Amino acid sequence: MTMRRVGSIFTAVILAAAAVAVSARADERSPNIQGRLALVLIDADALACSPCLASLEALCRAVPQLVQRERMIGVLTYRESGPADPRRARIIRTKWTGYCRAGGIGFPATIDDAHLFDSLNRDGTAVIVFDPTGGGLKRWTPPFSTGMVAEITGYLLGR
C-alpha cells in the first residue's frame, strides 16, 4: 500500500510549522482549504527522468493552480556522497525550474541544503498531506493511481 500514516513527531512539527506559514499566505476567500497542506518531497535524482515524475505532473494537472500555490510546498532533496557542493544545488534549482515550466507545476519549492528531509524521503518522491481538521498526516509515493490523485486533490480542496 503506498499510503501510510507518518508517525514521526519531528515530521508533525515540521508540517505544522509549514502549515502555519502557508496559512498566513492563504486567500481568505478560500475557507474550504484553510489549514490543509501538502508537502511534496521531490527526489532531485528523479528530475533527470521525466517518466519518474509523470505522477507528479498528473497530480498537478488535477489540482488548480491557486490551490497549488497556496496549499502545496515542494522540497527538493538530494544525497551527497562527499563534501557539500553548492554547485549541485544550483543545478538542481535550474532543472526544477525547467521541469515546472514544462510540466505546468505551480507550487513553490525549495532545496533542502541542510538535508533535514533526507530521512522522510528515503523512498524517493512523496506527497505528505497535513490535515488538522481530519487530525492527521498521510503519505503517498508514486506512481499515483487515479484514485490516489483524486484522494490527494480531495484533501487539498476540503472534500
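Okay, residues lined up against (1) surrounded by 12 or more Cβ atoms within 10 Å (Cβ to Cβ); (2) within 24 Å of Val149 (Cα to Cα); (3) aliphatic (A, V, I, L, M):
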position: Arg71; (1), (2), (3): yes, yes, no
position: Gly74; (1), (2), (3): yes, yes, no
position: Thr77; (1), (2), (3): yes, yes, no
position: Arg93; (1), (2), (3): yes, no, no
position: Trp96; (1), (2), (3): yes, yes, no
position: Arg101; (1), (2), (3): no, yes, no
position: Ile105; (1), (2), (3): yes, yes, yes
position: Ile111; (1), (2), (3): yes, no, yes
position: Asp123; (1), (2), (3): yes, yes, no
Checked Val40, Val22 against criteria (closer than 20 Å to Ile111 by Cβ, at pLDDT 90 or above and surrounded by 14 or more Cβ atoms within 10 Å (Cβ to Cβ)); the one match is Val40
For the range 67-96, the count of residues that are within 22 Å of Thr141 (Cα to Cα) and free of Cβ contacts under 8 Å to residues at least 12 places away in the same chain equals 0
State whether one or more residues within the range 131-145 are of a type in the set (A, V, I, L, M), surrounded by 13 or more Cβ atoms within 10 Å (Cβ to Cβ) and under 17 Å from Leu47 (Cβ atoms). no
Reported set for the range 60-82 where residues are more than 20 Å from the chain's Cα centre (by Cα) and closer than 13 Å to His115 by Cβ is Glu80, Ser81
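The values are calculated or read from the model by the stated rules, or taken from the named source; none is laboratory data. Just so you know, these numbers come straight off a predicted model, no measurement behind them. Ideal geometry is used to build each Cβ from the backbone, glycine not excepted, and the neighbour counts take in all protein chains shown.
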